[in-house]
Amino acid sequence: MELPSPNPEILTRKAELVARLGEVLPPAAVISDPAETRAYECDALTAYKCPPLAVILPGSTREVSDALAICHDMGVPVVPRGAGTSLAGGALPTEDSVILGVARLTEVLETDYDNRFIRVQSGRTNLSVTGAVEDDGFFYAPDPSSQLACAIAGNIAMNSGGAHCLKYGVTTNNLLGVTLVQMDGTVSEIGGAHLDAAGYDLLGLICGSEGQLGVVTEATLRILHAPEGARPVLMGFNSNEVAGACVSDIIKAGVLPVAIEFMDRPCIRATEDFAHAGYPDCEALLIVEVEGSDAEIDAQLEVITGIARAHDPVELRQSTSDEESARIWLGRKSAFGAMGQINDYMCLDGTIPVSALPHVLGRIRQMSAEYGLDVANVFHAGDGNMHPLILFDANRPGDLETCEALGAEILKLCVEVGGCLTGEHGVGVEKRDLMTHQYGPDDLDAQMAVKDVFDPRWLLNPAKVFPLAASDARRIAAE
Amino acid sequence: MLTPETEPELAETVAGAQRPLRILGGGTRPVGGVPGGAPLSTRALSGVELYEPGALTLVVRAGTPLAEVEAVLAGEGQRLPFEPMDHRGLLDTQGEPTIGGVVAANVSGPRRIQAGACRDFLLGVRFVDGQGRVIRNGGRVMKNVTGYDLVRLMAGSHGTLGVITEVALKVLPVPKATGLLTIPGLSDDRGVQALCRALGSPYEVTGAAHLQHGPEGTPMTMIRLEGFEASVAYRAGELKARLAEYGPARLETDPEAVHAAWAAVRDVAPFHGRPGDVWRLSVKPTDAPGIVAGLEGVEAIYDWGGGLVWLLLPEAAGADATAIRQAVAEAGGHATRVRGAGAAPAFQPLPAPVAALQAGLKQRFDPKGLFNPGLMEQQARDTSAA
């Protein structure tokens, strides 16, 4: 994976940059000692590391604006960082860049239950947004699995999803407004507490733009009243095809489950060894969860188990209590931990049409054999968002490269069957060079034209998302 | 009228165009006025490309009549969840609404409050940009963060950035049962309060409207529930109890009656055939009654729990564009003149930095200024007046 070589002129001006940033930020908010900047050398994609030139942690929109204006003036690239949980390298710095962290922006600014929104500073964690409203019965719907740690700023940058988006949508469907600071320091209010911002859908553009269009410092988010209850049913099948057909039939039946999770045999075995959730030893396992009052849940689960029975399941276990629900979810929720116990792993994130599920799982099994690396599958089946986990040994020379090659093959397969490279993790640096498999030159040019408008000098997180060869001309022209 | 029959033909037409083009589907939604230019319609780009009911996915060419899309979906017991409005009655237009037109104007009906807007169900687009290039963005899967989201940019850009040729949509099953709770006689304030309370419950209200003049000429507050029969009955009962202080609520469960009542809200039927400008406001629900009360001589319909306000300004009304825009600017939100003419721009003037971004996007996507000239354009001098 290639990153542009650092601009030597910027490196020599470090002292001047740090001094100028110190004029607009409190002393503790500017970090330039290499021993300390090292903490920011990577995000959750730990295979790539590079300490930044400096790190700034502004405490207000004004400070973000002032600091960005200085970096803009000096031509210094800025890499925005939420909580550093990106699996795609979205917050990976370059040697000549400044990391702008939102960790000090954590306040709840406004909560309004009548109009069902909350306005927060963007460094607040996903889970603590729900935490701020749950005592009053409300919640914020998008729930990425890193929700304990990840920041709303990162959720917006990556348009994060989660297990419950089959029913509630992803970040872009729950974002009402932002305060955006552009690279030159310009501050804009886009959208607000009302629905559908005026003019072009700039909110839609900003959401998922991976920190390349601006830094979001405040966000207005839609909150919902929590359902009265939720319970899952677990079903085991002897083939991926049958499990896939069952998913499709459930979706067609008119019940809208809040989640449909899928695990294949390698994943079931690993999690069983680790968590002892009492899962059946079978080819494919589904966990389907529905919401409502007790009676409503029973009625929906009856429809769902009826469909499952028609597919001859090897196991069908309907939860009737909180304890049983927890037990059903136990294995699924410890799946990633279980994999980490066995091996290093790389988590992919391609999305496919639900109808292509059996074909894709079959092909992944073949590829896994060809490359000699095990692949376990655990994913959100309702929306086709796969999470193949490729197991490798980071200490064995060549294993990481083989793993990356296999990962690329699997993602190309996802595109081939009508899907996409990434459903919720983002492109970052990880999938940047695969973009040409999904989009043609004109498609990429149209996307880059958006960055030209928001950040004409290509200073914000510049070496991500687009293959370097595609963005070269723009980045060089802007220098 | 230019009516290219294929996407390459359309791209060629645009690439060779020397004069502005007026982009339209069926031409039934001239929101913001009719721009100049030679008319170019996508109506000949018609037909379903792909429909997978088990994946809740529909891919359809832009010129396909909305009625055809809805019929295809109904055949599998599914529908467009965002309940797009039919503008013909309100705008007194003829013609066949197309799915491309729905997307270009991001048209969403009462269910938007719970299910989401048209833009929320749009999975992918193909469009021809101002240089005549065919651009693809998004795809046909429900979760996709691969690159920038031009899908949502195209929704609601009213044909000013590109000519949409194909759209991929997420669809949903039609629930088995539906119910309409009505509470008569509430003031605007109390009506919106009741709606807020219903929407803040766990009962997944899929429609929340308040009419100043219901079918009997008196105010009517409306709440819709959808789902399994037992669930609708249970939720209606719970809501009645929660809303008891607003007076007794009546439950209607005849599907045709419920549908007709919401179709009237969706299409703003109470304003059909009546003279006067029509405005559409998006505001914070609890701000809505106050904004309406401050505008002299207007009649209002509240949808989206109060967040969407339709205003009829009879000629005698004291309120005008300036008053409306001022009220909305103070509260936060936006106002669009959907019907009528006047010196004030039809679309909400934007703050300067946002207007600059919008102008920049227009310049990049349509450098020759071919598409719908003037539409949605920001007039710098009007910004302060907003």
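Listed values, structure above:
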quantity: Wholly enclosed strands (runs of 3 or more DSSP E) of the stretch B:267-386 bearing at least 2 residues at the interface with chain A (Cβ under 8 Å from one of its Cβ atoms) and of a type outside the set (A, V, I, L, M, F, W, C); calculated: B:333-339
quantity: Residue among B:Glu256, B:Glu204 that alone is modelled with pLDDT of 95 or more, under 30 Å from B:Glu76 (Cα atoms) and assigned to a helix (DSSP H, G or I); calculated: B:Glu256
quantity: The stretch B:229-255 residues that are assigned by TED's automatic domain parsing to the domain that holds B:Ala198 and closer than 13 Å to B:Thr178 by Cβ, paired with ones that are acidic (Asp, Glu) and assigned to a helix (DSSP H, G or I) (beta carbon under 7 Å, 6 or more apart); calculated: B:Ser231/A:Glu296
quantity: Conditions (1) polar (S, T, N, Q); (2) closer than 16 Å to A:Ala335 by Cβ; (3) in a strand (DSSP E or B); number of the one not met by A:Thr271; calculated: (3)
quantity: Residue list for the stretch B:44-58, filter: within 17 Å of B:Val128 (Cβ to Cβ) and surrounded by fewer than 23 Cβ atoms within 10 Å (Cβ to Cβ); calculated: B:Ala44, B:Ser46, B:Glu49
quantity: Subset of the stretch B:160-191 (residues that are under 28 Å from A:Glu296 (Cα atoms), within 14 Å of chain A (Cβ to nearest Cβ) and among the aliphatic types (A, V, I, L, M)); calculated: B:Val171, B:Leu172, B:Val174, B:Ala177
quantity: Residues that are within 11 Å of chain B (Cβ to nearest Cβ), assigned to a loop (DSSP other than H, G, I, E, B) and surrounded by fewer than 21 Cβ atoms within 10 Å (Cβ to Cβ), drawn from the stretch A:212-248; calculated: A:Ala226, A:Pro227, A:Glu228, A:Gly229
quantity: Answer residue from the stretch A:443-474, given it is surrounded by fewer than 18 Cβ atoms within 10 Å (Cβ to Cβ) and in contact with a Pro (Cβ under 9 Å, 6 or more places away or on another chain) and is nearest to the other protein chains (Cβ to nearest Cβ) among those; calculated: A:Leu468
quantity: Residues that are within 7 Å of another protein chain (Cβ to nearest Cβ) and either out of contact with any helix residue (DSSP H, G or I) (no Cβ under 7 Å at 6 or more places or on another chain) or closer than 23 Å to B:Val14 by Cβ (or both), drawn from the stretch B:135-146; calculated: B:Ile135, B:Arg136, B:Asn137, B:Gly139, B:Arg140, B:Val141, B:Met142, B:Asn144
quantity: Where a residue in the stretch B:324-349 is touching a residue at least 24 places away in the same chain (Cβ under 8 Å) and its partner, wherever it lies, is surrounded by fewer than 18 Cβ atoms within 10 Å (Cβ to Cβ) and among the hydrophobic types (A, V, I, L, M, F, W, C), with Cβ under 6 Å and at least six apart; calculated: B:Arg339/B:Leu91
quantity: Residue tally, condition touching a helix residue (DSSP H, G or I) at 6+ places or on another chain (Cβ under 7 Å) and in a helix (DSSP H, G or I), over the stretch A:454-468; calculated: 1
quantity: Subset of the stretch B:82-114 [in contact with a Phe, Trp or Tyr (Cβ under 6 Å, 6 or more places away or on another chain) and part of a loop (DSSP other than H, G, I, E, B)]; calculated: B:Phe82, B:Ser108
quantity: Meets criteria (among the small types (Gly, Ala, Ser), in the same structural domain as B:Glu12 (by TED's automatic domain parsing), in a strand (DSSP E or B) and modelled with pLDDT of 95 or more) for B:Ala71; calculated: no
quantity: Number of positions in the stretch B:189-202 that are crowded, with 21+ Cβ neighbours inside 10 Å and farther than 21 Å from A:Gly137 by Cβ; calculated: 1
quantity: Selection within the stretch A:61-105 - touching a Ser or Thr at 6+ places or on another chain (Cβ under 8 Å) and farther than 21 Å from A:Gly208 by Cβ; calculated: A:Thr61, A:Ser65, A:Val76
quantity: Test: B:Pro314 is buried (at least 22 other Cβ atoms within 10 Å of the Cβ) and at pLDDT below 95; calculated: no
quantity: Residue check, B:Val205 closer than 28 Å to A:Tyr140 by Cβ and touching a His at 6+ places or on another chain (Cβ under 9 Å); calculated: no
quantity: Residue list for the stretch A:175-202, restricted to those being within 25 Å of the chain's Cα centre (by Cα) and touching a residue at least 40 places away in the same chain (Cβ under 8 Å); calculated: A:Leu175, A:Leu176, A:Gly177, A:Val178, A:Thr179, A:Val181, A:Gln182, A:Met183, A:Ala193
quantity: Filtered residues of the stretch A:170-197 (kept if surrounded by fewer than 24 Cβ atoms within 10 Å (Cβ to Cβ), within 7 Å of chain B (Cβ to nearest Cβ), small (Gly, Ala, Ser) and assigned to a loop (DSSP other than H, G, I, E, B)); calculated: A:Gly192
quantity: Filter result (touching a residue at least 40 places away in the same chain (Cβ under 8 Å) and more than 11 Å from the chain's Cα centre (by Cα)) within the stretch A:153-172; calculated: A:Ala153, A:Ala163, A:His164, A:Cys165, A:Leu166, A:Lys167, A:Tyr168
quantity: The stretch B:30-43: number of residues that are surrounded by 19 or more Cβ atoms within 10 Å (Cβ to Cβ) and within 18 Å of B:Thr165 (Cβ to Cβ); calculated: 4
quantity: Unmet criterion (only one of (1) part of a strand (DSSP E or B); (2) out of contact with any Pro (no Cβ under 7 Å at 6 or more places or on another chain); (3) more than 16 Å from A:Ala163 (Cβ to Cβ)) for A:Ser209; calculated: (1)
quantity: Residue within the stretch A:145-158 that is within 12 Å of chain B (Cβ to nearest Cβ) and part of a loop (DSSP other than H, G, I, E, B) present; calculated: no
quantity: Which numbered condition A:Gly306 misses (of (1) part of a helix (DSSP H, G or I); (2) more than 14 Å from chain B (Cβ to nearest Cβ); (3) over 19 Å from A:Glu228 (Cβ atoms); (4) more than 29 Å from the chain's Cα centre (by Cα)); calculated: (2)
quantity: Failed criterion for B:Pro97 (all others in (1) within 14 Å of chain A (Cβ to nearest Cβ); (2) in contact with a helix residue (DSSP H, G or I) (Cβ under 9 Å, 6 or more places away or on another chain) hold); calculated: (1)
quantity: Filter result for the condition that a residue is out of contact with any helix residue (DSSP H, G or I) (no Cβ under 9 Å at 6 or more places or on another chain) and within 9 Å of chain B (Cβ to nearest Cβ), over A:Gly418, A:Gly426, A:Gly440; calculated: A:Gly440
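Yes or no, residue by residue, for (1) under 20 Å from the mean Cα position of the chain (by Cα); (2) over 23 Å from B:Leu239 (Cβ atoms):
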{"site": "B:Arg112", "(1), (2)": "yes, no"}
{"site": "B:Arg119", "(1), (2)": "yes, yes"}
{"site": "B:Phe127", "(1), (2)": "no, yes"}
{"site": "B:Lys143", "(1), (2)": "no, yes"}
{"site": "B:Thr146", "(1), (2)": "no, yes"}
{"site": "B:Val167", "(1), (2)": "yes, yes"}
{"site": "B:Leu181", "(1), (2)": "no, no"}
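The values are calculated or read from the model by the stated rules, or taken from the named source; none is laboratory data. This is a predicted model, so every value here is computed, not measured. Ideal geometry is used to build each Cβ from the backbone, glycine not excepted, and the neighbour counts take in all protein chains shown.
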